[in-house]
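Asker: First the structure, then my questions, so here it is.
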Amino acid sequence: MTLTNREKIIISISNSIALYSQKLQDGKIPQTQSVIDFILKTIPESSKSELSMELIDDVFSFISSSHMELS
C-alpha cells in the first residue's frame, strides 16, 4: 500500500514535532525557536504545498491528547 501525499505530510509533521521536543529538551535548539518555525525548516520542500496551519494544528492536537492518554 502506498501512502498518500497527505499521509506523508502528516508523518513529516509528527516527526518534526517529536524531533523539536527532543532537541529542545537536550538544549540543541534555542528556547526562542517556535515549533512552527522548526516544522517549516524540516519539512521537505516537495511536501510544502500540502502543508497548512490547520493541518499542523490538527496533528499537534492529536499528539498532545494522545500523549496524555498514553501516560
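Asker: Go through the stretch 36-49 residue by residue and tally those that are modelled with pLDDT under 95 and surrounded by 15 or more Cβ atoms within 10 Å (Cβ to Cβ).
Answerer: 2
Asker: Return only the number of the condition from (1) modelled with pLDDT of 90 or more; (2) surrounded by 12 or more Cβ atoms within 10 Å (Cβ to Cβ); (3) hydrophobic (A, V, I, L, M, F, W, C) that MET53 does not satisfy.
Answerer: Exception for MET53: condition (2).
Asker: Kindly indicate whether any position in the stretch 16-27 is in contact with a Leu (Cβ under 8 Å, 6 or more places away or on another chain) and exposed (fewer than 13 other Cβ atoms within 10 Å of the Cβ).
Answerer: No, the stretch 16-27 contains no residue that is in contact with a Leu (Cβ under 8 Å, 6 or more places away or on another chain) and exposed (fewer than 13 other Cβ atoms within 10 Å of the Cβ).
Asker: Another one. Which of the residues that make up the stretch 9-25 are of a type in the set (A, V, I, L, M, F, W, C) and out of contact with any Phe, Trp or Tyr (no Cβ under 7 Å at 6 or more places or on another chain)?
Answerer: Within the stretch 9-25, ILE9, ILE10, ILE11, ILE13, ALA18, LEU19, LEU24 qualify.
Asker: Sort out for me the helices (runs of 4 or more DSSP H) sitting completely within the chain that have 3 or more residues that are basic (Lys, Arg).
Answerer: The qualifying helices (runs of 4 or more DSSP H) are 5-25.
Asker: Of everything in the stretch 33-65, what is hydroxyl-bearing (Ser, Thr, Tyr) and closer than 14 Å to GLU7 by Cβ? Give them in sequence order.
Answerer: SER47
The values are calculated or read from the model by the stated rules, or taken from the named source; none is laboratory data. These figures come from a predicted structure and were not determined experimentally. A quick note on method: Cβ atoms are made from the backbone with ideal geometry, for glycine too, and the neighbour counts reach across all protein chains shown.
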